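Read the structure below first, then the notes.
The values are calculated or read from the model by the stated rules, or taken from the named source; none is laboratory data. Treat the numbers as computed from the prediction; the structure is a model and nothing was measured. Neighbour counts run over all protein chains shown; Cβ positions are idealised from the backbone, glycine included.
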Amino acid sequence: MKAPGFWTTGGWPAAALAPASWLWRLGAQIRRATTTTYRPAVPLICVGNATAGGAGKTPTVLAVAAELIVRGSRVGLLSRGHGGTLSGPVRVDPAVHGSAEVGDEPLLLAAAAPTVIARDRAAGARLLEEIGIDVIVMDDGLQNPSLIPTLSLLVVDGGAGIGNGQLMPAGPLREPWDAALQKSAAVVLIGDDRTGIATRVGDRRPLLRAVLEPSPASLTLRGQRVLGFAGIGRPDKFRETLTEIGAELVGFQAFADHHAYRPLEVMELVERAVGLNAIPVTTAKDAVRLPPEARPMVTVVDVSLSWRDPAAIAALLDGMTP
């Protein structure tokens, strides 16, 4: 789904949808009241966001997992498996599963640590406990009441912020901003703060600043003509990345988040790039959704999260208790 413009600007469409937002809030309250909660026997870190769409949760999960692995922890990753057909709980095996079955993000996560997908998050946590992990890091789930986290991180895209600040469908918020902030131990602000998130947070929670950095291999695209395409929460973020690494962007096509690429569709993109004397490029998240035969034809620009103050996230994890 592409976010409507009024999610950023507000105006009469947002005002007209305000009553539906009240129903959204009521539905969330009913869900919390009727859901049986589970507290895992091992520490659970929830990496979530307050808005619909991408904010950088998966790179944050990978960065947190890397910090824990360096400490010697046996880390397990938990995802809903959005976009996949399997409901789980099932351990993701990239040699067996494709994005159509388990979703795109779990395939990226599984390359870093044992990963389980489960629509029933509690069942997924139990499977990870059976596998024998020391700590669970959950990708998304801040609004899911079925698990009791040890620590929650609220991820915010500095470029998008929280839009018009209203609940869905009048705005992009999945829950009120103050409620998301209240349940979180810290806010992870990714990229430049273009929407005043630091002011919104104030001194109520620690603000952990981070950036998404392209891999060293991606820097070979500097000065190269490229045709970019992406089906992620905010495709413009990928456009900005290509510009930042110094690529000459001769074309760009945005798709909906989790878009399932058809073979003919990718071939048309490749042929268009050839006609422009350009290199077709996409994100790592998109690459796992490409037809296998098309992947060698497309260059992948991978990014990873880098902490501005590594000591701050280290201190937060130090203070985590089961």
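Considering each residue of the range 170-185 in turn, at least one proves to be polar (S, T, N, Q) and surrounded by 18 or more Cβ atoms within 10 Å (Cβ to Cβ).
Taken together, G81, G54 contain a single residue that is under 22 Å from L290 (Cβ atoms), in contact with a strand residue (DSSP E or B) (Cβ under 6 Å, 6 or more places away or on another chain) and either hydroxyl-bearing (S, T, Y) or in the same structural domain as P169 (by TED's automatic domain parsing) (or both), which is G81. Close Cβ contacts (under 7 Å, 6 or more residues apart or on different chains) running from residues in the range 108-135 that are closer than 25 Å to A284 by Cα to residues that are among the basic types (K, R) and part of a helix (DSSP H, G or I) comprise L108/K285. The listed residues are D236, D192, and the only one of them that is out of contact with any His (no Cβ under 9 Å at 6 or more places or on another chain), of a type in the set (D, E, K, R) and modelled with pLDDT under 90 turns out to be D236.
For a quick check of your reading of the model, give me the residue pairs whose first member lies in the range 6-18 and is closer than 8 Å to P169 by Cα and free of Cβ contacts under 8 Å to residues at least 24 places away in the same chain, whose second is aromatic (F, W, Y) and surrounded by 13 or more Cβ atoms within 10 Å (Cβ to Cβ), with beta-carbon atoms closer than 9 Å and at least 6 apart or on different chains. Listed by first residue and then by second, the contacts come to nothing, as the list is empty.
Would you check if T220 is closer than 18 Å to G53 by Cβ, of a type in the set (S, T, Y) and not assigned by TED's automatic domain parsing to the domain that holds P106? No: the conditions fail for T220. When you look at G11, is it modelled with pLDDT under 85, on the phi > 0 side of the Ramachandran plot and among the small types (G, A, S), yes or no? Yes; evaluated as a whole, the condition is true for this residue. The residues of the range 108-124 that are assigned to a helix (DSSP H, G or I) and within 20 Å of E67 (Cβ to Cβ), listed by number, are L108, L109, A110. Residues in the range 23-80 that are within 28 Å of I162 (Cα to Cα) and part of a strand (DSSP E or B): 9 in all.
Of the residues making up the range 39-92, those that are surrounded by fewer than 24 Cβ atoms within 10 Å (Cβ to Cβ), within 20 Å of Q143 (Cβ to Cβ) and either among the charged types (D, E, K, R) or free of Cβ contacts under 8 Å to residues at least 40 places away in the same chain (or both) are R39, R80, S87, G88, P89.
A count restricted to the range 133-177 and to residues that are over 28 Å from T34 (Cβ atoms), within 14 Å of the chain's Cα centre (by Cα) and aliphatic (A, V, I, L, M) stands at 2.
This table checks each residue for (1) in the same structural domain as G159 (by TED's automatic domain parsing); (2) within 24 Å of A63 (Cα to Cα); (3) in contact (Cβ under 8 Å) with a residue 12 or more places away in the chain.
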{"site": "V226", "(1), (2), (3)": "no, no, yes"}
{"site": "T241", "(1), (2), (3)": "no, yes, yes"}
{"site": "G251", "(1), (2), (3)": "no, no, yes"}
{"site": "L269", "(1), (2), (3)": "no, no, yes"}
{"site": "R272", "(1), (2), (3)": "no, no, yes"}
{"site": "N277", "(1), (2), (3)": "no, no, yes"}
{"site": "K285", "(1), (2), (3)": "no, yes, yes"}
{"site": "A312", "(1), (2), (3)": "yes, yes, yes"}
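Per the listing R209, R200, R204, the residue uniquely in a strand (DSSP E or B) and either in the same structural domain as A95 (by TED's automatic domain parsing) or modelled with pLDDT of 95 or more (or both) is R209.
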